[in-house]
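Quick notes on the structure that follows.
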């Protein structure tokens, strides 16, 4: 379904953030899961201030899952 680690990481971010599994902290948890997954797969990510904005845009549906993947 998501053949690359980057597509898998994007799916973690998108689905955890949007499915509201927790009462609070879904965006933080989603971002942490993505970063942890990438680090576990020897892929570093540069965390910038844009990361928070991106995560909010995902939850508000300004950015689609497909946009994240490509």
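Laboratory data are not the source of any read-out in this text; all were calculated from the coordinates shown. Since the model is a prediction, treat every value here as computed from it, not as a measurement.
For the chain, the longest principal axis of the alpha carbon atoms and the long axis of helix 49-59 meet at an angle near 60°. The long axis of helix 5-19 is offset from the longest Cα principal axis of the chain by roughly 10 degrees. For the chain, the relative contact order comes to 36 percent (Cα pairs under 8 Å, sequence separation of at least 6).
Once Rh for the chain is found with the Kirkwood sum over Cα pairs, what is the Stokes-Einstein diffusion coefficient at 20 °C and 1.002 mPa s, in µm²/s?
The diffusion coefficient I find is 177 µm²/s.
Axis angle, to the nearest 10 degrees, between helix 26-40 and the longest C-alpha principal axis of the chain: 0 degrees.
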